[in-house]
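Student: Following this message is one structure expressed as structure tokens.
The values are calculated or read from the model by the stated rules, or taken from the named source; none is laboratory data. This one's a predicted model, so the numbers in the text were calculated from it and none came from an experiment. Neighbour counts run over all protein chains shown; Cβ positions are idealised from the backbone, glycine included.
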Amino acid sequence: MAATAPSRPAVVAGRYVLLDQVGTGGMGSVWRAWDERTRRHVAIKVLGRHSSALLARFVREQAIRVRHPHVVAPHGWAAEDDLVVLAMELVPGGSVADLLREHGPLDPGTASLLLEQLLLGLAAVHGAGLVHRDVKPANLLLEATGDGPPHLRLGDFGVAAPVADRRFTTVPGAIGTDGYMAPEQARGALPEPTQDLYAVGRVALEMVTGLPPTHQGEIPSHPLRTFVERLLVTDPAQRVASAEAALRLLRRLPVPPAECPPVPDRLGAAPRRRRTGAGVDWAGWAAVVVLTSVVVGCLWVLLGWAA
């Protein structure tokens with residue numbers, strides 16, 4: 001989807017200075033921006049094509065207020081002319097999808113560490129009465145920890161909904177991403193936390209095999225096999241009932257220490273921002289001073305000669 005934001009830095013709502021585009025999604029583009037109010041860099045999601053359905057999702061996402069170390073949810077929004085934006089924390093280490101694309105299957109320890117962090121984040125989301133409904137590697141963001149242990153942040157709440165809320169479910173039709181949706185979710189069932197846990201199972205299997213759901217087969221012999229089997233149960237009544245229960249199961253498994261592939265800063269240094277508001281354009285004033293000095297000097301020479 002084409003970006004809605006201009007190609008040059010722009011200021012939205014007199015506060016957010018858009019610097020550079022860092023990603024795209026189903027709802028629009030994601031930009032690195034400078035928040036003039038908090039004086040720090042943030043991520044700004046810019047709404048793409050304006051339709052009633054997209055706008056409803058956009059406004060619903062900005063209402064998500066889950067504060068947790070393993071969740072990145074919107075903390076503000078603004079609108080100006082044809083721009084509607086969400087503001088959230090900037091997470092510069094890419095995603096688990098990037099990690100899998102670059103490194104292939106993850107070692108059991110690293111997969112277990114990332115899954116534990118994901119379940120901690122989901123426990124907070126479910127505890128707030130919400131179902132994420134789109135748990136997948138691309139929505140599992142990573143802090144730039146370098147050679148240190150990875151730090152996962154669950155993001156993109158564009159299709160999140162209150163538990164078992166009919167207002168955010170359409171039947172027939174499925175809301176989520178093919179392959180990661182639980183069978184009942186794909187049939188249009190009301191939102192339930194166990195649907196997110198099925199998606200965690202698919203993500204876990206992708207972590208240990210390097211294969212997306214469309215290419216996944218039998219669960220291989222692996223230290224995390226019991227965990228994956230309990231989450232990928234077709235009948236939601238027989239599936240692990242909560243993120244906390246899944247976390248307890250995961251922590252009981254004999255998993256070796258994590259080898260932890262590096263997570264670099266994928267965004268790099270931020271572009272220089274232009275001064276906004278009533279700030280002084282020092283470069284412009286410097287040019288004026290130089291030009292004035294030249295003119296004065298020329299006049300002095302001419303007048304001196306004339307004398």
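Student: If you take just the helices (runs of 4 or more DSSP H) that sit entirely in the range 186-271, which of them hold at least 2 residues that are farther than 26 Å from Leu141 by Cβ and either without any contact (Cβ under 8 Å) to a residue 40 or more places away in the chain or not assigned by TED's automatic domain parsing to the domain that holds Leu152 (or both)? It would help to see each step written out before you state the result.
Tutor: Details: elements: 193-209, 225-231, 243-252.
Fully inside the range 186-271 and qualifying: 225-231.
Student: Something else: Does at least one position in the range 159-168 carry a residue that is at pLDDT 95 or above, in contact with a Gly (Cβ under 9 Å, 6 or more places away or on another chain) and not small (Gly, Ala, Ser)?
Tutor: No, the range 159-168 has no match at all.
Student: Inside the range 48-75, can you point out the residues that are small (Gly, Ala, Ser) and buried (at least 17 other Cβ atoms within 10 Å of the Cβ)?
Tutor: Gly48, Ala73
Student: If Ala78 passes every condition in (1) surrounded by 16 or more Cβ atoms within 10 Å (Cβ to Cβ); (2) among the small types (Gly, Ala, Ser); (3) under 20 Å from Arg266 (Cα atoms) but one, which one does it miss?
Tutor: Condition not satisfied by Ala78: (3).
Student: Within the group Ala307, Ala270, which residue is at pLDDT below 95, touching a Leu at 6+ places or on another chain (Cβ under 7 Å) and more than 24 Å from His103 (Cα to Cα)? Reasoning before the result, please.
Tutor: Values: Ala307 fails: touching a Leu at 6+ places or on another chain (Cβ under 7 Å).
Only one candidate qualifies: Ala270.
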